[in-house]
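See below for the structure under consideration.
The values are calculated or read from the model by the stated rules, or taken from the named source; none is laboratory data. Because the structure is predicted, anything quoted here is derived from the model rather than measured. Here Cβ is always computed from backbone atoms with ideal geometry, including for glycine, and neighbour counts include all displayed protein chains.
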């Protein structure tokens, strides 16, 4: 029995290591692997976006005011509004599930305790998924703000370069 549990945890840790280079991170990946299963955890990890190491610039370098390529590739992404709503929905649904399990615990027969524990961990998992989605939506909103600031900075730099070029022509 203990060997099976240790094997389960080891497999979960190995699968969760795939989340290190993804937006989900190791901690959340391990949480989902332990709570649901390594297979479901793997699906969640693979759905998470890979972390970009360094933005590539279109021309020149950062000092010349070049626009990072990721501004173009991520411009179509939203600000995480739908993810935030789904996250809060998951938190509420998971919390209701956990509270229901706690209320029903004294009323259940010992034969049904396994099902109650399964439902309890399911509720915790859904609430944990909701918390992850809420945090991810917050990150997306901050990323969208940073992209907009970079875009405005680039536009200002380009207008300064054009003004400087037109004054040199005169």
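Considering (1) part of a helix (DSSP H, G or I); (2) at pLDDT below 85; (3) surrounded by 13 or more Cβ atoms within 10 Å (Cβ to Cβ), say which one residue 150 fails and leave the rest.
Result: residue 150 passes all but (2).
Against the condition modelled with pLDDT under 85 and within 18 Å of the chain's Cα centre (by Cα), how does residue 22 come out, does it pass?
Numbers: modelled with pLDDT under 85: no; within 18 Å of the chain's Cα centre (by Cα): yes.
Considered against the rule, which asks whether it is modelled with pLDDT under 85 and within 18 Å of the chain's Cα centre (by Cα), residue 22 comes out as no.
Provide a single number: the residues in region 10-23 that are out of contact with any helix residue (DSSP H, G or I) (no Cβ under 7 Å at 6 or more places or on another chain) and part of a helix (DSSP H, G or I).
Total satisfying the criteria: 2.
Looking at residue 65 and the list (1) at pLDDT below 85; (2) exposed (fewer than 15 other Cβ atoms within 10 Å of the Cβ), which single condition is not satisfied?
Of (1) at pLDDT below 85; (2) exposed (fewer than 15 other Cβ atoms within 10 Å of the Cβ), only one is false for residue 65: (2).
Would you check which residues across region 24-47 are farther than 21 Å from residue 118 by Cβ and either surrounded by fewer than 15 Cβ atoms within 10 Å (Cβ to Cβ) or assigned by TED's automatic domain parsing to the domain that holds residue 120 (or both) and list them?
Scanning region 24-47 gives 27, 46, 47.
Within region 94-114, how many residues turn out to be surrounded by 15 or more Cβ atoms within 10 Å (Cβ to Cβ) and either touching a strand residue (DSSP E or B) at 6+ places or on another chain (Cβ under 9 Å) or touching a residue at least 24 places away in the same chain (Cβ under 8 Å) (or both)?
Of the residues in region 94-114, the ones surrounded by 15 or more Cβ atoms within 10 Å (Cβ to Cβ) are 94-95, 97-98, 101.
Checking which are either touching a strand residue (DSSP E or B) at 6+ places or on another chain (Cβ under 9 Å) or touching a residue at least 24 places away in the same chain (Cβ under 8 Å) (or both) leaves us with 94-95, 97-98.
The number of residues fulfilling the criteria is 4.
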